[in-house]
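Some notes on the structure that comes next.
The values are calculated or read from the model by the stated rules, or taken from the named source; none is laboratory data. All figures in this text were calculated on a predicted structure; none of them were measured in a lab. Here the Cβ positions follow ideal geometry from the backbone for every residue, glycine too, while neighbour counts run over all protein chains shown. To get the accessible areas, we keep the full protein, side chains included, count just its heavy atoms, and leave off ligands, DNA and RNA. Shrake-Rupley method; radii C 1.70, N 1.55, O 1.52, S 1.80 Å.
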Amino acid sequence: MGWSDTWSDILSGGNPRWKVTGEDCHTKALAHFQEYVKGDPADISVLCPLAGDDPFVYLLFTKGYSVTTIDLVPAAVEEMKKQFQSGNGSESGPSLAQEWTREEKENTVIWKLGSGRATLMVGDALQKRPGLVNQFDAVYDKDSFGALPMQLRNAFCSRIAEYVKQGGIIYLECKLKDDHEKVISIGPPFSLKEEDLMEKTSYGEAFDYVQGLGEIYNIQMAGQQTGHILKRK
């Protein structure tokens, strides 16, 4: 099943896969994110690759961060847009009486919110994008790397390295399954440890490993949702 079919199934009420929607989970993730991503959110631009409709992206936006997502599936991006359009003016949902503008270039549809702080891209995350080079202070990666088969990881990590400024932080969540060594090649989601993330053909070429965060929150599947902090060399 391809990702478009997967999203069709999710949106029609099928298996939600490994989506996380609980506010308590996002609160815990945000605390870890802000521990390592320092500074005024108004000055921080966050890349969220393969984000789907992850509510954490909108949470970052409500906290003042600028967010950019890239996802291949138009239906997923439309679901993400709905979260921004439902803002109610409260602290947790800023007033969004703003319109989206649509632009299409380089095989990518780009939606930009009127504030300029939210950009949602429909396209291939592995495609080279010169306009994104050295543009981001941080990356939020929830199960994005962990969704990719091994043969795609090098290209994905190369793009992330191109887009992140020197000293920029990756906050990464991934699955650590029971019997990791036996199931390491089974996915997605794939089971990952530090050594898998930091292979030279993955993040190890351009990033330093800063900290393992252990289990971030409970998930409704066997294994753990673990966190990792990486820093651009």
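Observations on the model:
- At q = 0.11, 0.14, 0.19 Å⁻¹, base-10 log of I(q)/I(0) for the range 27-169 (Debye sum, equal scatterers on each alpha carbon): -0.38, -0.63, -1.22
- Estimated from helical segments only, the mean residue ellipticity of the chain at 222 nm is -8000 deg cm²/dmol, where each DSSP H run of four or more residues counts as -39500 (n - 2.57).
- When Glu162, Glu199 are compared by accessible area of protein heavy atoms, the largest-first order is Glu199, Glu162, using a 1.4 Å probe.
- Its residues counted as N, the range 18-85 yields a C-alpha radius of gyration over 2.2 N^0.38 Å of 1.09.
- Accessible area per residue for the range 86-222 is 50 Å², calculated with a 1.4 Å probe on protein heavy atoms, without ligands, DNA or RNA.
- Prolate/oblate/rounded call for the range 87-233, Cα gyration tensor, a/c under 1.5 rounded: prolate
- Charged-residue dipole, Cβ positions (Lys, Arg, Asp, Glu), the chain about Cα centre, Debye nearest 20: 420
- Estimated FRET transfer efficiency when R0 is 30 angstrom, pair Lys128-Asn218 (beta carbons, to 0.05): 0.20
- Gain on full stretching of the segment that runs from Glu162 to Glu194 - 0.36 nm per residue minus C-alpha separation: 9.4 nm
- Among the helices of the chain, those built from whole DSSP H runs whose Cα atoms reach 15 Å or more along their own axis and whose mean Kyte-Doolittle hydropathy is at least -1.0 are 23-36, 74-85, 150-163.
- For Lys165, a cut-off of 23 angstrom between C-alpha atoms picks up these lysines, skipping any fewer than 8 places away in its own chain: Lys38, Lys63, Lys112, Lys128, Lys142, Lys200, Lys231, Lys233.
- Using the Karplus relation 6.51 cos²θ - 1.76 cosθ + 1.60 with θ = phi - 60°, the per-residue 3J(HN,Hα) values for the range 103-108 come to 9, 10, 7, 6, 6, 9 Hz, with x marking Gly and Pro.
- When nucleic acids and ligands are ignored and a 1.4 Å probe is applied, Ile44 ends up with an accessible area of around 10 Å².
- Prolate/oblate/rounded label for the range 173-233 (Cα gyration tensor, a/c 1.5): oblate
- Taking max minus min of the alpha-carbon positions on each principal axis, the range 142-210 gives extents of 36, 23, 20 Å, largest first.
- Dipole magnitude for the range 92-219: computed about the Cα centre from +1 point charges on Lys and Arg Cβ and -1 point charges on Asp and Glu Cβ, it is near 420 debye.
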